[in-house]
Amino acid sequence: MSHTASLIRAVKRGLVAGAAQMRIGEIFRPRFGGVGSIFGLHRVVEDDDHIIQRDLVVTVRFLDALISYVRRLGYDIVTLDEAFRRLTVRRTDKRFVCFTFDDGYADVYLQALPVFQRHQAPMTVYVTTGMIQRAADYWWGALERVIRANESIVVPNEHGGRVHATRNLAEKVRVYNMVCHEYHSDMHRYRPMLDELLQRYQSDPTEALDEDMLSVGQLCALAADSLVEIGAHSVTHRPLTHLSLSEARQEFLESRSMLQRLLDVEVRHFAYPFGTRAECGEREFALAGQCGFVTATTTQNGNLFEAHRDCPHALPRLSIGSSSATLPAVLLKLSGMASVVTRQHRAPSRPCGGHAIPNC
C-alpha cells in the first residue's frame, strides 16, 4: 500500500473515531437511523490477518463484541420474520437489527453459530444451493487462492497480460480488488481472461467450494438450531439482471424448493446475489414477491424505515466486513451518518409496486 493510501486510511479512521467520541451519530440517528437495520455479513474467522477478501470477513472477537454493543445501544436483535412483522403492524417504538450471512460459508456454522448461541441471539443465513451442491461458479474463492499462493501473478488482458506483485497482504488485496472490479465492470468481456488466469495457476473453483462452504450435514445441523432462520440466495449466484426472465425465476423457485425439501423448513426470505443496482432492479423485486418470498434484501446501503413495509422485496442492508469492523464505524452506519455522507441514504417515498424507489 502506498504512503498516500495509508494516510487516507488513517485519516478516515481518525474521522470515524472522532465522530463517535463527539456523539455525532446520536445527532443523526433520530432522523436518519430509521426503525431498524439489517446487517449483511459473509464469513467469520478466528484471525483475519491473512484474508484477502477483506469486505467478506469479520473475526469471532468482533462479532461477539458487536452483538453486545448493539444491545447496549438499545436495539433488539430479531429475525427477518419479526422485522417484517414489526414493519407491518407499525411497531416502531424500539429499534431492531437483523444479522444476515450470505452464500453459505462453513465458518458460519463453525465460528458464528457458537457466538449467537452464547448470546441467545437469532441469525439468518442466506444459502446459495449450488454452493452446497458444489455446482456453483465460485470464481472469487479460486481467485483468492491464486493470489494467496503467489508473490506475483500474470493477469491476462487484451494485450496478453501484465505482471502484478502480490508479495504482501496489501498488494494481494489490491490485485484481488482490481481483478474483481474489472470482472464486474464487464463480465462477458473479462470472463475468458478470468478463466485463463485460473487455468494458468490450476485453481479449481470446485475445490475451493469444498474447502470454504457448508456441507449438506453442516447445513442441516445449522438449520436445526432454533436461533437460525434459513433464507435463499439463488442456485448459481449469477447476477439476476443478466438472466432471462425464465432463468431468473428459476433461480428464485429452485433455490427455495431445494432448501425446503432438504431442511423441512419454510423459506420466506431471499437475498439477491451481489445485490447492487446493477444486479437487481424492478423486475427482480417483482419476481421475489411472485415466487412467494416475504422479503428480499439487496446490498444497497441504508437503514429500514416505516415506508419499507410497502417495498419488502427491495430492502437495504448495512455491510459489515474487516474494512469497517470497528464499533464506532458500526455506530455511524446505524445512525445513518455514513450513508448521508456518501449520499446513499434515502427512505422510500412511495410504494414500490412496479416503480423504482429512491433506496433501490
Q) Out of all the residues in the stretch 16-56, which are part of a helix (DSSP H, G or I), among the hydrophobic types (A, V, I, L, M, F, W, C) and modelled with pLDDT of 80 or more? A) 56
Q. Consider residue 305 against the criteria (1) free of Cβ contacts under 8 Å to residues at least 60 places away in the same chain; (2) surrounded by fewer than 24 Cβ atoms within 10 Å (Cβ to Cβ); (3) closer than 29 Å to residue 112 by Cβ: it satisfies all of them except one. Which criterion is unmet?
A. (1)
(Q) I need the full set of residues from the stretch 225-253 which are in a helix (DSSP H, G or I) and either in contact (Cβ under 8 Å) with a residue 24 or more places away in the chain or surrounded by 14 or more Cβ atoms within 10 Å (Cβ to Cβ) (or both), in order please. (A) 240, 241, 242, 245, 248, 249, 250, 251, 252, 253
Q. Counting only residues that are aliphatic (A, V, I, L, M) and either in a loop (DSSP other than H, G, I, E, B) or out of contact with any Asp or Glu (no Cβ under 8 Å at 6 or more places or on another chain) (or both), which one in the stretch 122-140 is surrounded by the most Cβ atoms within 10 Å (Cβ to Cβ)?
A. 136
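Quick one: in the stretch 202-224, which of the residues that are assigned to a loop (DSSP other than H, G, I, E, B) and in contact (Cβ under 8 Å) with a residue 60 or more places away in the chain is surrounded by the most Cβ atoms within 10 Å (Cβ to Cβ)? So that I can check it myself, show each step before the final result.
So in the stretch 202-224, the residues assigned to a loop (DSSP other than H, G, I, E, B) come out as 202-204, 214-215.
With in contact (Cβ under 8 Å) with a residue 60 or more places away in the chain added as a condition, the list becomes 203-204, 214-215.
Numbers: 203: 20, 204: 14, 214: 25, 215: 13.
Here the residue is 214.
Mind listing whichever residues of the stretch 259-274 are closer than 19 Å to residue 100 by Cα and either of a type in the set (S, T, N, Q) or at pLDDT 95 or above (or both)? It would help to see each step written out before you state the result.
Keep residues of the stretch 259-274 that are closer than 19 Å to residue 100 by Cα, which gives 259-260, 263, 265-274.
Selection gives 259, 260, 263, 265, 266, 267, 268, 269, 270, 271, 272, 273.
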Q: Name every residue in the stretch 158-201 that is of a type in the set (D, E, K, R) and assigned to a helix (DSSP H, G or I), in order of residue number.
A: 171, 172, 174, 182, 189, 191, 195, 196, 200
Q.
Regarding the stretch 259-268, can at least one residue be identified that is more than 30 Å from residue 65 (Cβ to Cβ), crowded, with 19+ Cβ neighbours inside 10 Å and in contact with a Cys (Cβ under 6 Å, 6 or more places away or on another chain)?
A. no
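Within the stretch 220-259, track down each residue that is basic (Lys, Arg) and more than 18 Å from residue 125 (Cβ to Cβ).
Going through the stretch 220-259, the residues basic (Lys, Arg) turn out to be 238, 249, 256.
Within the stretch 220-259, 238, 249 meet the criteria.
The values are calculated or read from the model by the stated rules, or taken from the named source; none is laboratory data. What you see is a predicted model, and the numbers here were worked out from it, not measured in a lab. Note that each Cβ is placed from the backbone with ideal geometry, even for glycine, and that neighbours are counted across all protein chains shown.
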